[in-house]
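Data first, discussion second: the structure below is written as structure tokens.
The values are calculated or read from the model by the stated rules, or taken from the named source; none is laboratory data. What you see is a predicted model, and the numbers here were worked out from it, not measured in a lab. Quick reminder, even Gly has a Cβ in these numbers, built from the backbone with ideal geometry, and neighbours come from all protein chains shown.
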Amino acid sequence: MDTDFFVAWLAEAGRRVRAQRERLTELDAAIGDADHGANLDRGFTEVSKALADAPPDSPAQALVTAGTTLIRRVGGASGPLYGSMLRQMGRTLEPPQSPVTLAAFSGAFDAGVLAVERLGKATAGDKTMVDALSPAGRALALAVRDGVGPRTAFEQAAAAAEEGARGTIPLRARKGRASYLGERSVGHEDPGAASAVLIVAALAAVSA
Ligand code: ADP
Ligand code: MG
């Protein structure tokens, strides 16, 4: 995965978020404040602008620029969380390397998920984006172990994220705004888990 791959990934994630903006907003309307679609759409639009204004010369730089942009430009919780994830992924890929191997990508992704868990003080089962991101990371690590190619690895990660997101439906939220609802958060998919599926699925879409 070279610099162009990472730029293409972020652009594709943004397109998918835009296409699903209403669904993300509806999910957030049910257990949050109905801004998740708007937050991420604006955030990824800013990411595309930032990457066009200052073309990155390494995967690490693309990720750090994108992460910093999300942290600065998104008001909701998801901006700093996804932003920290991408920035941590970028830092893990220093010193700059291109192309990034699937094993290195997998290690960086796991470090990114850990950054989300630390910042959000969230763990699996709290009904957050972690419930989709963490299984995606595990699927990537298994794919590396099995010597699977990137495209298949990313498809497996996307399937794992989707299963994880569906698994948030019966959970009671323990973090974020949805936790204010207590039992009433049960029966709805977590919006951040739903957006995590889009972001991971974008990896498969841009893989050769
Ligand atoms: P806000 O909650 O500030 O309106 P968004 O609507 O953009 O922000 O994002 C909400 C999503 O962020 C949630 O669905 C959840 O997945 C994620 N989230 C919120 N708080 C946390 C947290 N403490 N740890 C992990 N993820 C969180
Ligand atoms: Mg919200």
> Which ones in segment 1-49 are polar (S, T, N, Q) and in a helix (DSSP H, G or I)?
Replying inline: Thr3, Thr25, Asn39, Thr45, Ser48
> What do you reckon, is Ala62 at pLDDT 95 or above, more than 16 Å from ligand 2 (Cβ to nearest atom) and touching a Phe, Trp or Tyr at 6+ places or on another chain (Cβ under 6 Å)?
Replying inline: yes
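Looking at segment 161-172 only, could you name the residues that are in contact (Cβ under 8 Å) with a residue 40 or more places away in the chain and either within 16 Å of ligand 2 (Cβ to nearest atom) or in contact with a Pro (Cβ under 8 Å, 6 or more places away or on another chain) (or both)?
Correct list: Ala161, Thr168.
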>> Can you find a residue that is of a type in the set (Gly, Ala, Ser), buried (at least 24 other Cβ atoms within 10 Å of the Cβ), at pLDDT 95 or above and under 18 Å from Gly176 (Cβ atoms) anywhere in segment 88-109?
In response: no
> Among the residues of segment 173-199, which ones are small (Gly, Ala, Ser) and either touching a residue at least 12 places away in the same chain (Cβ under 8 Å) or within 10 Å of ligand 1 (Cβ to nearest atom) (or both)?
Replying inline: Ala173, Gly176, Ala178, Ser179, Ser185, Gly187, Gly192, Ala193, Ala194, Ser195, Ala196
> Among the numbered criteria (1) away from ligand 1 (no atom under 12 Å from the Cβ); (2) more than 14 Å from the chain's Cα centre (by Cα); (3) in a helix (DSSP H, G or I), which single criterion is violated by Gly112?
Replying inline: (2)
> Has segment 115-131 got any residue that is within 21 Å of Arg21 (Cβ to Cβ), free of Cβ contacts under 8 Å to residues at least 60 places away in the same chain and within 16 Å of ligand 2 (Cβ to nearest atom)?
Replying inline: no
> In the set Gly79, Gly32, Gly14, Gly75, which member is within 16 Å of ligand 2 (Cβ to nearest atom), under 15 Å from the mean Cα position of the chain (by Cα) and in contact (Cβ under 8 Å) with a residue 24 or more places away in the chain?
Replying inline: Gly79
